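Since every read-out is calculated from the coordinates, none of them should be taken as a lab result. Worth saying up front: this structure is predicted, and the values here are computed from it rather than measured. Using ideal geometry, Cβ is built from the backbone for each residue, glycine included, and neighbour counts are taken over all protein chains shown.
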Amino acid sequence: MPIQFTERYVKQYERLPKAIQRKVDKALRLLDMDFRHPGLRSHSIEGARGIFEAYVDAKYRITFERRGDVFVMRNVDNHDDCLGNP
């Protein structure tokens, strides 16, 4: 499934440490293969209709939504900041 990036996502990604960026890249590859991949633990965010969360690691998350056949990456950051503004 194609992946698009919001401007906010790109800005947040660029601020991440390089080691976390590599983990995010791996998570995106998994998302592209199968958004239900167990390593992502993707699920909908309670109270944010249509927005999903996926794990990058124990601390970092990605939020995204599906628009037809496209995944739109909305945010990437540490857990609290990412889910505080999905």
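Would it be correct to say that Arg8 is assigned to a strand (DSSP E or B), in contact (Cβ under 8 Å) with a residue 24 or more places away in the chain and not hydrophobic (A, V, I, L, M, F, W, C)? Don't jump to the end; show me each part of the working.
Working: assigned to a strand (DSSP E or B): no; in contact (Cβ under 8 Å) with a residue 24 or more places away in the chain: yes; not hydrophobic (A, V, I, L, M, F, W, C): yes.
When the stated conditions are applied, Arg8 does not pass them.
Does Leu16 meet the test of being more than 18 Å from His79 (Cα to Cα) and surrounded by 12 or more Cβ atoms within 10 Å (Cβ to Cβ)?
no
Look through region 41-86, keep the residues that are outside any strand (DSSP E or B), free of Cβ contacts under 8 Å to residues at least 24 places away in the same chain and not charged (D, E, K, R), and return whichever of them is surrounded by the most Cβ atoms within 10 Å (Cβ to Cβ). Spell out how you get there, then give the answer.
From region 41-86, those outside any strand (DSSP E or B) are 41-42, 45-50, 56-59, 68-69, 79-86; that's our starting set.
Keeping just the survivors that are free of Cβ contacts under 8 Å to residues at least 24 places away in the same chain gives 41-42, 46-47, 49-50, 58-59, 68, 79-81, 84-85.
After this cut, where a residue has to be not charged (D, E, K, R) as well, the list is 42, 47, 50, 58, 68, 79, 84-85.
Values: Ser42: 19, Gly47: 8, Gly50: 9, Ala58: 6, Gly68: 7, His79: 15, Gly84: 10, Asn85: 13.
Ranking the candidates gives Ser42 first.
Kindly provide the set of residues from region 44-86 that are of a type in the set (A, V, I, L, M) and in contact with a His (Cβ under 9 Å, 6 or more places away or on another chain), ordered by number. Don't jump to the end; show me each part of the working.
First, pick out the residues of region 44-86 that are of a type in the set (A, V, I, L, M): 45, 48, 51, 54, 56, 58, 62, 70, 72-73, 76, 83.
If the condition is that a residue be of a type in the set (A, V, I, L, M) and in contact with a His (Cβ under 9 Å, 6 or more places away or on another chain), then Ala54, Ala58 are the ones that fit.
Determine whether region 25-37 contains at least one residue that is buried (at least 17 other Cβ atoms within 10 Å of the Cβ) and touching a helix residue (DSSP H, G or I) at 6+ places or on another chain (Cβ under 9 Å).
no
Can you tell me which residues in region 16-40 are in a loop (DSSP other than H, G, I, E, B), free of Cβ contacts under 8 Å to residues at least 60 places away in the same chain and over 11 Å from the mean Cα position of the chain (by Cα)?
Pro17, Asp34, Arg36, His37, Pro38, Gly39
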